[in-house]
Amino acid sequence: MGSVPAGARVYVACVVLGALACLAPLPHLRVPWWVVALLAVLYAGCERITLPRGPRGAGAPGRDVGDAPRGMGTFLPVLLAGSFLLPPPAAALVALPGALLTRVEQRPRRLRRVWRAAQLAVAIWAASRVHWALDGRNAVVAPHFPYALLPAGAAVLTFCLVLAVLDGGILALAERVPVRSAWRGLFARSLAPVAVHGLAGLMMAVLWRSPYGPVAALLVLLPMYVSCWVFAQYHRERAAHQATIRALVQAVDIKDGYTRGHSERVGQASMMIARELGMDDERVEVLRFAGILHDVGKLGVPTRLLRKDGPLTPEERRVIELHPEYGHEMVRGIGFLGEARSAILHHHERLDGSGYPYGLVGRQIPEFARVVAVADAFDAMTSTRSYRRARPVPAALEELERCAGAQFDPGMVRALARALSRWGWRPAVTADSCTPPRDEVYPPAPPLPGRLEGRPT
């Protein structure tokens, strides 16, 4: 992120002021400062295991200003244990060193660290406040089970709620996510993993106050540390997958710059359709890969054909129509793509059998390919190109509906329409040249009513 909108900076400043207000009573508190220092150092050390931050995705974009925790994005048991053991201002203080010293990859790094520290401080302060208001401190000291679970559960709910509220604000201001969707799903997605961390934090607090002391409490961190380390390895593997795909897409963009950004938008539209169809998260992610890589076969097509002025000869058209097969061969050995490979091969098939490369009919076309076909055509129509202006979204949807049943799966078209009504769509300019690209060639079949433009996308 090169620059942060002024509104987002003001928002961050307000949250920082809120965090300072939470810390203001510290000079007047009588607390065991060695406990505060130990927990702060422990939290900072746990953060150094390089935990991944929340991934970006459709409908739930990642943070732009700060990588504050979303679910398992940070090591929370120590912070929540502090909220169970310490007064609210002292509990908020525990989060600051680790948040301010954590590694940040994206710029502006200083603003991201400050945002993350302020957000955590406010959330932990609120959680501790609720816990103490419900007499949770005495329940931990005794301990009184199962009553101790009630204030701890209320504190976890408060922590998640405050994070969700602050996250939604930064999404709306920094990433310009529509206000109606900025907060959608944030609380629900973070509740389960934070609840697990909260249970570990409660175990730490109870053991800390027990005759076994802090040493026993620290043992709780060992299995949590191992689980978080495994989680981090999983996300590093995902990052490697993303890097592989990014390299392939960049290669396609270099070869055919006329559709720069098209692949990413097709991936995004494919995800929107998949979520409307109720696919699980793993399939949604694979389908996003399919959308992003659907044109990777253009790497095997001569550049002179992709950039040729004027109409294509039948022979040249047949060469370009080989790009789905080229793409399938290129990704055949990439195991994590799974069903995405079938979409790369068949995204130009048509329900009436006049598509290519194999002329599949109806349900013979894989589900992923039917999704990508709709997403691909939709982005082609709503993107401004040098040889034509973008169509409005309603006009593009109308065209897709006219072609549904012959070219496109009607269910996929309806799913896209529902997703667009919920999330909206922001078209983009994808070309600077006056020559149209050649990756979206339609087969030489009889014209259909409402058939999409024969120009490539």
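The values are calculated or read from the model by the stated rules, or taken from the named source; none is laboratory data. Please read all numbers here as calculations on a predicted model, not as lab measurements. So basically every Cβ, Gly included, is an ideal-geometry build from the backbone, and we count neighbours across all protein chains shown. The area values use the complete protein model at the heavy-atom level, side chains included, leaving out ligands, DNA and RNA. Shrake-Rupley method; radii C 1.70, N 1.55, O 1.52, S 1.80 Å.
Taking the criterion of being within 15 Å of G338 (Cβ to Cβ), surrounded by fewer than 20 Cβ atoms within 10 Å (Cβ to Cβ) and either in contact (Cβ under 8 Å) with a residue 40 or more places away in the chain or in contact with an Asp or Glu (Cβ under 7 Å, 6 or more places away or on another chain) (or both), the only residue of the stretch 262-285 that qualifies is R283. For the stretch 321-358, taking the residues that are within 25 Å of V413 (Cα to Cα) and hydroxyl-bearing (S, T, Y), the one that is surrounded by the most Cβ atoms within 10 Å (Cβ to Cβ) is identified as Y356.
Pairs are defined by a Cβ separation below 8 Å, a sequence spacing of at least 6 or placement on different chains, a first member in the stretch 154-179 that is without any contact (Cβ under 8 Å) to a residue 12 or more places away in the chain, and a second member that is surrounded by fewer than 20 Cβ atoms within 10 Å (Cβ to Cβ) and assigned to a loop (DSSP other than H, G, I, E, B); the pairs so defined are A172/P178.
Restricting attention to the stretch 173-182, does a residue exist that is part of a helix (DSSP H, G or I) and either at pLDDT 85 or above or touching an Asp or Glu at 6+ places or on another chain (Cβ under 6 Å) (or both)?
In the first step, residues of the stretch 173-182 are kept if they are part of a helix (DSSP H, G or I); the result is 173-174, 179-182.
Still in the list and also either at pLDDT 85 or above or touching an Asp or Glu at 6+ places or on another chain (Cβ under 6 Å) (or both): 173-174.
Looking through the stretch 173-182, at least one residue is part of a helix (DSSP H, G or I) and either at pLDDT 85 or above or touching an Asp or Glu at 6+ places or on another chain (Cβ under 6 Å) (or both).
Would you mind stating whether F368 is open to solvent by less than 50 Å² (accessible area, probe 1.4 Å), of a type in the set (F, W, Y), closer than 17 Å to M271 by Cβ and modelled with pLDDT of 90 or more?
So F368 fits the description; yes.
Scanning the stretch 100-137 for residues being part of a helix (DSSP H, G or I), under 29 Å from V4 (Cα atoms), among the basic types (K, R) and open to solvent by 10 Å² or more (accessible area, probe 1.4 Å) gives a total of 3. Of all residue pairs spaced 6 or more apart or on separate chains, those with beta-carbon atoms under 8 Å, a first member in the stretch 331-346 that is farther than 16 Å from M271 by Cα and a second member that is at pLDDT below 85 and of a type in the set (S, T, N, Q) are I334/T244.
If you go through the stretch 165-185 one residue at a time, how many are among the hydrophobic types (A, V, I, L, M, F, W, C) and open to solvent by 10 Å² or more (accessible area, probe 1.4 Å)?
The total comes to 7.
Residues considered: D295, D309. Of these, the only one that is in contact (Cβ under 8 Å) with a residue 60 or more places away in the chain, touching a Ser or Thr at 6+ places or on another chain (Cβ under 8 Å) and surrounded by fewer than 16 Cβ atoms within 10 Å (Cβ to Cβ) is D309. Residues of the stretch 138-164 that are surrounded by fewer than 19 Cβ atoms within 10 Å (Cβ to Cβ) and either among the basic types (K, R) or part of a loop (DSSP other than H, G, I, E, B) (or both): A142, P143, H144, F145, P146, Y147.
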